[in-house]
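The values are calculated or read from the model by the stated rules, or taken from the named source; none is laboratory data. Since this is a predicted model, take the numbers as computed values, not measurements. Here the Cβ positions follow ideal geometry from the backbone for every residue, glycine too, while neighbour counts run over all protein chains shown.
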Amino acid sequence: MLLQINDLRTKLIGPIDLSVDAGECVAIMGASGSGKSLFLRAVADLDPNSGDLRLIRQNRSTIPANDWRRRVGMVPAESGWWTDRVGDHFDPETAAEPLLEKIGLPHALDWQVMRLSTGERHRLAIARALALKPQVLLLDEPTAALDEPATVMIEQLMREQLDSGVAILLVTHDRQQAARMAVRTHIMERGQLEPPGKDAA
Amino acid sequence: MTAYIQLSYVDLAFASVFLILNAVFSLVLKLGLERQLLIASLRMVVQLLMVGLVLKTVFALASPWLTLLVAAVMIGFAGREIWARQERRLDGMWGYSLGATSMMLAGTFVTLFALTTQINPTPWWSPQFALPLFGMVLGNTMTGVSLGLDTLHTTMFRERIAIEAQLLLGRTRWQAVSPVSRRALRSGFTPIINAMAATGVVSLPGMMTGQILSGVDPQEAVKYQLLIMFLIGGATGLGVLGAVFSSIWRLTDHRHRLRLDRLRSDSGL
């Protein structure tokens, strides 16, 4: 297993057990407020939490939090922008240009973030996370409020990542998307993860 | 040196004529400010008369313990003021103690330094020198610290998504808050920088004016004013730096998380 989660708890969710293998996408669905985003935040270690998390058998507590987040990259539903130049959202040593091309924003390095459309900004948020070459991707509704072509583009990007061995935890409201992308789908309910079997109906 | 002209209480009553005139205007123009004007000026009169009495007694008794007690009371009030001037503040005891401690350490350190090396009264803690000096240093540090913390907490809350976006890209907590901390430091430093830049050109500082009115040679008054401004500037800077960075330390944790759960606001939003 690439990512193993055992007994993950925060004040509001858990305990949660889940494993994802390399090149695998696991979808998480559930009503608003059921704790899906809190679950991703806890895996990224963004909220205080307890549990046993391992990335390729290496315990999370032995890895500095900032290194952990470079290897387990999360793209939240609402992305934050702290500087206006597109290029400044990428580390200087990472190759931003090829990624920008892939998300349909070639030569955008010197553009202003605030002039991009919502969809373009969303793709940019995914691109800046991919630039760090994470081993696991935590995606919180990556295509919510996006039109058909933008959704296709992002799903294509996800497939490329899966093919190169990245594991994806995908929070989505779109049942068809879960079926297209994921090997299995878990349902989150009141902070607990139901096993995939229950979703069969 | 020219003679010192003593003021009588009748002189003071006459001087308040224009303030009362303002209250009348407020009544006539229905500005609704007359109550606030009245209460504020009454408060000022009572507070200053009391402080005059207290200082007279403290100076006469010349006790180090009493001097220390007065300084402690000043710190207590100033700390409370820092607490009250923040829209969002740290949870629990931290809300009071972090700002008050930063202000106290910076103010005390700078005042002790000036008392023991430049002013050098005998004894060095002589209340006539120690207390007014400490009051001026503390008052300005208080303003700086409260502005710095208020800006820090408000901006951290407003920019939380941008800060967490940086944390998610593997930045450390100090890197992620640096745009916010810079803004908070600037806002804490601004009043003292403005005061230093404008002083003497736009206005004569109150302390210097007071000294000149009471007959001190203007050049001597200027020297004292410069000393005070250096001390105030130094203490404000140290206090703001200490308060802002220790508050960032409190509002993040060792796993580089943003801990806004340790922040409270009056409105609950």
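Considering the range B:220-269 alone, what residues qualify as being outside any helix (DSSP H, G or I) and within 14 Å of chain A (Cβ to nearest Cβ)?
Scanning the range B:220-269 gives B:L251, B:T252, B:D253, B:H254, B:R255, B:H256, B:R257, B:L258, B:R259.
How do the pairs read when you match residues in the range B:107-124 that are farther than 13 Å from B:I228 by Cβ with residues anywhere that are of a type in the set (G, A, S) and outside any helix (DSSP H, G or I), using Cβ under 9 Å and keeping only pairs 6 or more apart or on different chains?
B:P123/B:A62
Quick one: B:L169 ticks every box in (1) touching a residue at least 60 places away in the same chain (Cβ under 8 Å); (2) among the aliphatic types (A, V, I, L, M); (3) within 14 Å of chain A (Cβ to nearest Cβ) except a single one, so which number is it?
Failing condition for B:L169: (1).
What residue, of A:P64, A:P76, is more than 15 Å from the chain's Cα centre (by Cα) and either surrounded by fewer than 20 Cβ atoms within 10 Å (Cβ to Cβ) or under 22 Å from A:T185 (Cβ atoms) (or both)?
Among A:P64, A:P76, only A:P64 is more than 15 Å from the chain's Cα centre (by Cα) and either surrounded by fewer than 20 Cβ atoms within 10 Å (Cβ to Cβ) or under 22 Å from A:T185 (Cβ atoms) (or both).
Could you please let me know if B:V180 is touching a residue at least 12 places away in the same chain (Cβ under 8 Å) and either out of contact with any Gly (no Cβ under 7 Å at 6 or more places or on another chain) or within 13 Å of chain A (Cβ to nearest Cβ) (or both)?
yes
Return the only residue of B:L105, B:L98, B:L90 being in the same structural domain as B:A184 (by TED's automatic domain parsing), surrounded by fewer than 22 Cβ atoms within 10 Å (Cβ to Cβ), hydrophobic (A, V, I, L, M, F, W, C) and modelled with pLDDT of 95 or more.
It is B:L105.
Quick check, is A:M153 in contact (Cβ under 8 Å) with a residue 40 or more places away in the chain and part of a helix (DSSP H, G or I)?
Yes, satisfied.
So for the range B:238-245 (the condition being modelled with pLDDT under 95 and either touching a Ser or Thr at 6+ places or on another chain (Cβ under 6 Å) or within 26 Å of B:A100 (Cβ to Cβ) (or both)), does at least one residue qualify?
No.
Given the criterion away from chain B (no Cβ under 14 Å), surrounded by fewer than 20 Cβ atoms within 10 Å (Cβ to Cβ) and closer than 25 Å to A:L46 by Cβ, identify the matching residue among A:Q176, A:Q192, A:Q135.
That would be A:Q192, the only listed residue that is away from chain B (no Cβ under 14 Å), surrounded by fewer than 20 Cβ atoms within 10 Å (Cβ to Cβ) and closer than 25 Å to A:L46 by Cβ.
Residues checked against (1) touching a helix residue (DSSP H, G or I) at 6+ places or on another chain (Cβ under 7 Å); (2) under 25 Å from B:L213 (Cα atoms); (3) in a helix (DSSP H, G or I); (4) of a type outside the set (A, V, I, L, M):
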residue: B:L12; (1), (2), (3), (4): no, yes, yes, no
residue: B:I20; (1), (2), (3), (4): no, yes, yes, no
residue: B:Q47; (1), (2), (3), (4): no, yes, yes, yes
residue: B:G52; (1), (2), (3), (4): no, yes, yes, yes
residue: B:A60; (1), (2), (3), (4): no, yes, yes, no
residue: B:W65; (1), (2), (3), (4): no, no, yes, yes
residue: B:L69; (1), (2), (3), (4): no, no, yes, no
residue: B:A72; (1), (2), (3), (4): no, no, yes, no
residue: B:S97; (1), (2), (3), (4): no, no, yes, yes
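Would you confirm, using the coordinates I've provided, whether B:Q175 is modelled with pLDDT of 95 or more and either in the same structural domain as B:S246 (by TED's automatic domain parsing) or among the β-branched types (V, I, T) (or both)?
When the stated conditions are applied, B:Q175 passes them.
Grab the strands (runs of 3 or more DSSP E) fully contained in the range A:22-129, keeping just those with 2 or more residues being touching a residue at least 40 places away in the same chain (Cβ under 8 Å) and away from every other protein chain (no Cβ under 14 Å).
A:25-29, A:50-55
Report yes if A:E120 is of a type in the set (D, E, K, R) and either more than 19 Å from A:G80 (Cα to Cα) or surrounded by 21 or more Cβ atoms within 10 Å (Cβ to Cβ) (or both), otherwise no.
No.
Is the range A:163-170 home to any residue that is part of a helix (DSSP H, G or I) and either out of contact with any His (no Cβ under 8 Å at 6 or more places or on another chain) or surrounded by 14 or more Cβ atoms within 10 Å (Cβ to Cβ) (or both)?
Yes, the range A:163-170 has at least one match.
Is the range A:143-164 home to any residue that is at pLDDT 95 or above and under 20 Å from B:L168 (Cα atoms)?
Yes, that holds for at least one residue.
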